[in-house]
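Before any comments, here is the structure.
The values are calculated or read from the model by the stated rules, or taken from the named source; none is laboratory data. Remember, predicted model here, so these are calculated numbers, not experimental data. FYI the Cβ positions are ideal-geometry reconstructions off the backbone, even for glycines, and counts take in every protein chain you see.
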Amino acid sequence: MNRMRTSRLLSVLLGVLPYVARAQVQPATPAPAVSVEQVRQLSQDVQAAEQRVLDSERELAALKARLTALESALQPTVLPAAAPAQPPPTTASVEETIEMQGSQIATLDQIKIETASKFPLKVDGMVLLTAGINSSGVDSPVDATASLGGTGSTALSLRQTILGLDAIGPRLAGARSSADIHIDFWGTTASGGYPSAGGLLRLRTAHAALDWSHAKLFFSFDRTLLNPNAPSSLVQVAEPGLSWSGNLWNWMPQLGVSSRFGQRHVLAVEGAWLSPPDAPYPTPPYSSTRSDPATLAEASRIPGGEARLGYETGDPLRGLRVGIGGYVSPHKLPGVGSFNSWAATIDLRAPMGRADVTGSLYRGAGLGGLGAGGYKDWVSYAEGAQTYLSALDDVGGWAQVAVHLSPALLWNSAFGMDNVFAGQLRSYSVNSSGYGSIARNRTVTSNLIWLPRPYLPFSFEYRRLYTAPVVGRRWNTNVFAFGAGYRF
């Protein structure tokens with residue numbers, strides 16, 4: 001029996017020895033152990049992810065239901081005859097509902113404008129209603145800039161409404177590209193056409209630029225670099241406030257560069273070629289014989305030039321800014337003669353607590369194309385059979401005090417004057433009526449601009465126009481105007 005047990009034990013040992021040897025040569029990798037805590041944590045993570053998905057689905061369903069309810073609320077609703085009468089909503093609840101609905105609709109139903117370039121494009125503008133009462137005759141009942149004598153008028157118009165597009169384009173050579181264009185309805189009817197109360201589309205301003213951190217290359221259709229400030233007015237938009245009374249406002253094509261040096265204290269250097277338009281008076285004698293006559297500046301075949309050197313510090317919108325500038329532009333009237341328009345300017349913007357003082361001064365000649373010169377560029381005189389042109393000397397400027405009574409209420413008071421040298425008008429042959437006889441034009445104005453909401457401006461304005469002809473008594477007009485707009 002012992003021998004049998006011994007033999008069996010030896011057989012078992014001999015059978016196990018190969019496996020033991022193999023295990024020593026190639027040890028087996030133990031299977032990773034998974035703890036109960038790890039399984040529990042994984043289960044909790046899966047449940048949390050499922051809960052977040054369910055919460056997102058509920059929020060999406062709530063947003064869809066809210067949008068449906070808002071759309072239904074905007075549709076006219078007919079209540080059943082047996083429906084109980086609802087208590088009238090209070091003013092506060094109505095305003096809160098309107099604000100909430102506007103915010104929700106803007107958030108849930110934004111509309112993107114697709115452009116060929118695929119870059120962002122923004123639509124902006126203002127629907128503007130202006131109304132005015134003029135105590136005597138003026139050049140424009142809607143936007144009066146000069147008193148011309150005669151009977152008064154009352155005007156109501158939407159022609160000063162503005163529509164614009166603002167675009168941001170790709171970067172080029174490290175510069176950000178951008179462009180904008182704005183139009184209004186101040187265009188006049190064609191010759192012989194029936195006057196339209198709606199007016200015709202007119203190019204107002206346009207800009208395109210490559211903007212680096214300290215330099216800019218641009219072309220534009222806007223007022224000159226010489227007058228970076230502008231009087232504040234809601235009722236004088238087609239021709240800005242103090243136009244033809246010291247404000248060099250006229251818009252014209254320009255191609256220029258600007259550079260800025262410094263951070264807190266900035267030195268600005270600007271320059272541009274430009275093509276000024278002709279003044280309203282006198283009309284060149286060849287205009288009736290050519291379908292598209294060149295302006296006097298274009299006929300000279302030499303572009304005009306302007307430059308400005310400025311200093312700025314503080315807030316970009318209300319900080320201190322002062323500058324000096326210069327302008328020159330050859331003019332030629334074919335078959336008659338030529339002259340040079342020129343100007344030297346000073347501009348200022350100075351903050352004084354809750355008030356801002358802005359303004360500009362100029363001295364020059366032939367400035368009718370820039371919005372000065374008593375609506376004239378030149379006068380003519382004859383020596384025997386020869387006719388000569390002479391640029392009309394001019395001096396003027398404007399100043400405004402703007403007081404910020406509150407974030408929503410702004411009061412502005414301003415004065416401007418444009419004064420041509422009357423001696424030139426007396427000596428040379430100029431038509432003695434209308435614009436041709438104006439030697440001095442002054443405007444005193446004050447307005448209150450109220451913005452109960454940033455996109456809802458209202459204004460009341462009073463203006464006193466003093467227009468003095470070279471011969472005869474001065475014409476005076478009181479203008480009472482009101483404006484209401486909606487910005488978008």
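Remarks
- Selection over the range 100-126 of residues that are farther than 15 Å from LEU63 by Cα, in contact with a Leu (Cβ under 8 Å, 6 or more places away or on another chain) and at pLDDT below 75 gives a count of 1.
- Scope the range 452-488; condition farther than 26 Å from PRO280 by Cα and in a loop (DSSP other than H, G, I, E, B); matching residues: PRO454, TYR455, PHE488
- The one condition in (1) at pLDDT below 95; (2) in a strand (DSSP E or B); (3) exposed (fewer than 14 other Cβ atoms within 10 Å of the Cβ) that GLY169 fails to fulfil: (3)
- Output for the range 432-451, where each listed residue is of a type in the set (Ser, Thr, Tyr), outside any helix (DSSP H, G or I) and in contact with a strand residue (DSSP E or B) (Cβ under 7 Å, 6 or more places away or on another chain): THR443, THR445, SER446
- All of TYR466, TYR462, TYR455, TYR435 fail the test of being in contact with a helix residue (DSSP H, G or I) (Cβ under 7 Å, 6 or more places away or on another chain) and either among the aromatic types (Phe, Trp, Tyr) or surrounded by fewer than 17 Cβ atoms within 10 Å (Cβ to Cβ) (or both), apart from TYR435.
- Residues within the range 362-382 that are among the aliphatic types (A, V, I, L, M), within 20 Å of ARG308 (Cβ to Cβ) and free of Cβ contacts under 8 Å to residues at least 60 places away in the same chain, tallied: 1
- Of residues in the range 142-162 being part of a strand (DSSP E or B) and in contact (Cβ under 8 Å) with a residue 40 or more places away in the chain, the one farthest from GLN236 (Cα to Cα): SER147
- Some residue of the range 411-420 being surrounded by fewer than 19 Cβ atoms within 10 Å (Cβ to Cβ) and outside any strand (DSSP E or B): no
- Residue check for TRP475: within 22 Å of VAL357 (Cβ to Cβ) and of a type in the set (Phe, Trp, Tyr): no
- Tabulated pairs, the range 253-276, first within 24 Å of GLY304 (Cβ to Cβ), second of a type in the set (Ser, Thr, Tyr) and in a loop (DSSP other than H, G, I, E, B), C-beta under 7 angstrom, 6+ apart or interchain: PRO253/SER275; LEU274/THR224
- Scanning the range 113-141 for residues that are of a type in the set (Lys, Arg) and part of a loop (DSSP other than H, G, I, E, B) returns a single hit, LYS118.
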